[in-house]
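For reference, the structure is listed below as structure tokens.
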Amino acid sequence: MNPNELNETLLRRREAVRQGGGAQAIERQHTKGKLTARERIDRLLDAGSFQEVDPYVTHRHTAFGLDEKRVPGDSVVVGFGRVDGRKVAVASQDFTVIGGSFSEAQAQKVCKVLDLAVGAGVPFVALNDSVGARIQEGVWSLAGYSELFWRNTQASGVIPQISVMLGPCAGGSVYSPGLTDFIIMTEALSHMFITGPEVIKTVTGEEVDFETLGGAHTHAAISGVAHFVAADETDALATTRKLLGYLPSNNVDPAPRVTPTDDPNRADPALDALVPPDGSLPYNIRDAIDRIFDLGSFFEVHAGFAPNAVVGFTRLHGEVVGVVANQPAHVAGVLDIDASDKIARFVRFCDAFSISLVTFIDCPGFMPGTVQEHGGIIRHGAKIVYAYSEATVPKLAVVTRKAYGGAYIVMSSKYIRTDLVYAWPTAEIAVMGAEGAVNILYRKQLEREADPEAVRTQFIAEFKEQFGSPYAAAASGHVDDVILPSETRARLIAALDFLRDKQAAPLPKKHGCMPL
Ligand code: HXC
């Protein structure tokens, strides 16, 4: 063959690769309202930046009709490209090829591109749409999953890993995402489950539909498996691009800085009236976050899960920071099992990728009751202390109102090595609220009093005088300063600038034994 013919053969082969499972299967994919693997990559990456790897790899199995189902590329498209000019590696499962089933060949391709991503220090994005392990390949498929899970684990804390769920992700196809840092699901079309409805019915007799079992809202609000819910695939890919904009490429590079456009000394007077003096009244901590950090920069993570806590990325004078806050607008911002998991996980991600942390505290403590105790609130709550104690990034905290008992300690107190703790004038730092404290301390005395209510009121007033303001804590250095709420932005910017080159030397060890 002459060179022209060779080149034409290549172009024909390339076109065949682009057809995936064929025109009919692509049509079926579109009819379901889903994009193809390649269309998704095109929407994720900057135009024209995709560089494919391994387009000609095929599976090597013949049993159970696999011989007739061999197509170049098999059931995944992998490669690398750019998002907003920054490098990223991508694997996009192709449902048109045997349901995107996870084959030995798919494993080989995904593992190769993940290895490349780790080596190059760039984030890895998996676009998932798969029926799970390819049944016909038996142990070869399972071995492939093992290889991928091992790599996800090795890459954890080295490069950010994001999973976008765009179809029925069953069995093994949920555990690689489960090992990654962020999971984005779409409404209606994406599902995640270990065992499907038919297996559940056979084993337990329970009848459950896909949506209840593992739809986006189930995982965003109940299980906490999903971090973001997108309206559709285009929105999910836009969310991925937005998320990448807050993340460093790896654990050595800094998170991307933007040129600040918001005045670092902007003092929002509304903050000074945000916290109601009556401790039983709620307010929305997001109002504080929105007003303190660079305007419009807050990107909430895990918004639907454990709404009594708020976590997310934001920018402070152009720098990415991680924000953690109790949410007084939801069950008074109490800490429970789910909030503990949500906070601890986010803190560890930020620490792994050198993103400074700012924590806002208004919390009456841990949620009481048998549901929480039996569910292991001790074990889960311990994760927050562990995560903050272990984190060596610059850590700032602002006590906005209640910092009672365990909440003061675990939510980034000075003694788990928060660098600077500020208190607003509304802060109350105590072992517990005044009413509860008086009932415990003076129960016997109150029983003896002729007018117990008058005495109780007196004791409560005394307790509030001592602990109902931040000055007792400030007088002993337990908080570093009392600041006006409207000063918070300027003070945090100055503190983070001061701490920019913070050095910390943890004790040498293989790894700690985090309570899990
Ligand atoms: C190979 C499979 C397959 C599988 C489906 N297909 N599941 N091929 N291995 N596991 C094929 C179908 O025959 C079909 O091929 C194509 O993929 C698309 O599947 P459909 O059923 O037509 O798609 P849909 O109607 O959208 O239903 C999707 C589904 C369903 C709900 C996910 O396919 C399903 O329940 N599949 C089984 C899921 C599962 O149990 N997977 C294994 C989990 S065990 P044609 O040729 O007709 O297009 C596992 C072990 C690892 O993953 C665990 C590690 C922890």
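The values are calculated or read from the model by the stated rules, or taken from the named source; none is laboratory data. Only a predicted model underlies this, so the values are computations on that prediction, with no experimental measurement involved. Positions of Cβ are backbone-derived with ideal geometry, glycine not excepted, and every protein chain shown enters the neighbour counts.
The figures follow:
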read-out	value
From the options 349, 353, residue that is buried (at least 22 other Cβ atoms within 10 Å of the Cβ), touching a residue at least 60 places away in the same chain (Cβ under 8 Å) and under 30 Å from residue 158 (Cβ atoms)	353
Complete set of residues in region 395-447 that are out of contact with any Lys or Arg (no Cβ under 8 Å at 6 or more places or on another chain), in a loop (DSSP other than H, G, I, E, B) and under 21 Å from residue 349 (Cα atoms)	411, 413
Inter-residue pairs, beta-carbon under 8 Å, first over 21 Å from residue 390 (Cα atoms) and in region 487-506, second in a helix (DSSP H, G or I), 6+ apart	488/271; 488/288; 488/292; 489/291; 489/292; 492/292
Any hit, region 366-387, residues being closer than 23 Å to residue 248 by Cα and at pLDDT 95 or above	yes
Residue, farthest from residue 43 (Cα to Cα), within region 120-135, restricted to residues that are at pLDDT 95 or above and β-branched (Val, Ile, Thr)	122
Test: residue in region 465-474 that is of a type in the set (A, V, I, L, M), farther than 22 Å from residue 364 by Cβ and either in a loop (DSSP other than H, G, I, E, B) or modelled with pLDDT under 95 (or both)	no
Filtered residues of region 322-336 (kept if in a helix (DSSP H, G or I) and surrounded by fewer than 22 Cβ atoms within 10 Å (Cβ to Cβ))	331, 332
Number of positions in region 298-311 that are under 17 Å from residue 246 (Cα atoms) and surrounded by fewer than 20 Cβ atoms within 10 Å (Cβ to Cβ)	4
Residue 258 touching a Gly at 6+ places or on another chain (Cβ under 7 Å), hydrophobic (A, V, I, L, M, F, W, C) and either under 18 Å from residue 493 (Cα atoms) or surrounded by fewer than 17 Cβ atoms within 10 Å (Cβ to Cβ) (or both)	yes
Residue, surrounded by the fewest Cβ atoms within 10 Å (Cβ to Cβ), within region 119-152, restricted to residues that are away from the ligand (no atom under 16 Å from the Cβ) and in a helix (DSSP H, G or I)	119
Any chance residue 120 is over 23 Å from residue 18 (Cβ atoms) and over 23 Å from the mean Cα position of the chain (by Cα)	yes
Listing of helices (runs of 4 or more DSSP H) fully contained in region 1-118 that carry 1 or more residues being away from the ligand (no atom under 16 Å from the Cβ), of a type outside the set (Lys, Arg) and touching a helix residue (DSSP H, G or I) at 6+ places or on another chain (Cβ under 9 Å)	37-44
Test: residue 306 is within 23 Å of residue 391 (Cα to Cα), in a loop (DSSP other than H, G, I, E, B) and in contact with a helix residue (DSSP H, G or I) (Cβ under 7 Å, 6 or more places away or on another chain)	yes
Any pair with Cβ under 6 angstrom, 6 or more apart, that starts in region 135-146 at a residue that is at negative phi and ends at one that is assigned to a helix (DSSP H, G or I) and within 6 Å of the ligand (Cβ to nearest atom)	145/172
Those residues of region 278-290 which are assigned to a helix (DSSP H, G or I) and free of Cβ contacts under 8 Å to residues at least 60 places away in the same chain, in sequence order	286, 287, 290
Qualifying residue in region 34-53 (condition: in contact (Cβ under 8 Å) with a residue 12 or more places away in the chain, out of contact with any strand residue (DSSP E or B) (no Cβ under 6 Å at 6 or more places or on another chain) and on the phi > 0 side of the Ramachandran plot)	no
